[in-house]
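The values are calculated or read from the model by the stated rules, or taken from the named source; none is laboratory data. Keep in mind that what you see is a predicted model, and the values were worked out from it rather than measured. Note that each Cβ is placed from the backbone with ideal geometry, even for glycine, and that neighbours are counted across all protein chains shown. Remember, those area values only see protein heavy atoms, side chains included, never the ligands or the DNA or RNA. Shrake-Rupley method; radii C 1.70, N 1.55, O 1.52, S 1.80 Å.
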Amino acid sequence: MYDFNRNTQFHLSGIPAGFDSVDFWEWFASYTLDGSIRGGMAEFIIMKALGIENERNIWDSYDLEYRGMRIEVKSASLFTRKNRHGFQYEYTINQRITYSIEPKHKHVIGGDWTSRKRNSDIYIFTLISDMDISNLEKWEFYIIPTETINKAFGNQKTLSLSSIRRFTPPPKKYSQVREYIDLIIKGGIDMSYDPNTEKSAPADREAEKIELQRLIACYQVASPDDKNVVWAALNKYASQIDRI
């Protein structure tokens, strides 16, 4: 089978054409905040966090497989790029972030369509909170068993980031993803998380701290119009700074 890799040169009759596979990848995938590229990037990052190598197949009913568990990866970014003045791009803050959790049919080759369902065992919702996507400290990973989503949200088609944050413990870091999923597989994770209980109060404060840090970072790069929006969000923490 022909292998298209980082050493592949485009050619004419065996003579190098002057560009290679890396040139193509830089042209095609260098803007990784774009939704069409970001999803693949999120799958790649999680694959590396899990220490596995899965071939990417966009036609599969789930994205990755780890220790027999089917993983569905959803991605979002705090920033988006707007083309407002020709080729002069401007970054703006996404005011509302949602993820698709819609149950879907699965087609079996030579067979019929299955009933609608979520064809995974675990969902990982990722959020890039900085424009530097290579900084893994700026990635957030919200990990939820699919069974838990089914029980809590039924046939709901989308799930907002705010709902995820209310429903789950604080996001995991890149270095914590594998360990946390291993705990889920072993049955050591209690997903009945309630941020209003005394038991979860320390985790809730940590989530508020992360949110405050994110808003401050957003304010520093926001456009003049967006600064007002971010400032309004920051105001809700004004009376809680000492506690956080």
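Restricting to the stretch 9-35, give me the number of residues that are within 25 Å of the chain's Cα centre (by Cα) and open to solvent by 90 Å² or more (accessible area, probe 1.4 Å). Qualifying residue count for the region: 4. Counting only helices (runs of 4 or more DSSP H) that sit wholly inside the stretch 114-190, those with at least 3 residues that are more than 19 Å from LYS48 (Cα to Cα) and out of contact with any strand residue (DSSP E or B) (no Cβ under 6 Å at 6 or more places or on another chain) are 146-153, 161-167. Looking only at residues of the stretch 1-25 that are assigned to a helix (DSSP H, G or I) and either of a type in the set (Phe, Trp, Tyr) or modelled with pLDDT under 90 (or both), we find that the one that is farthest from TYR142 (Cα to Cα) is PHE24.
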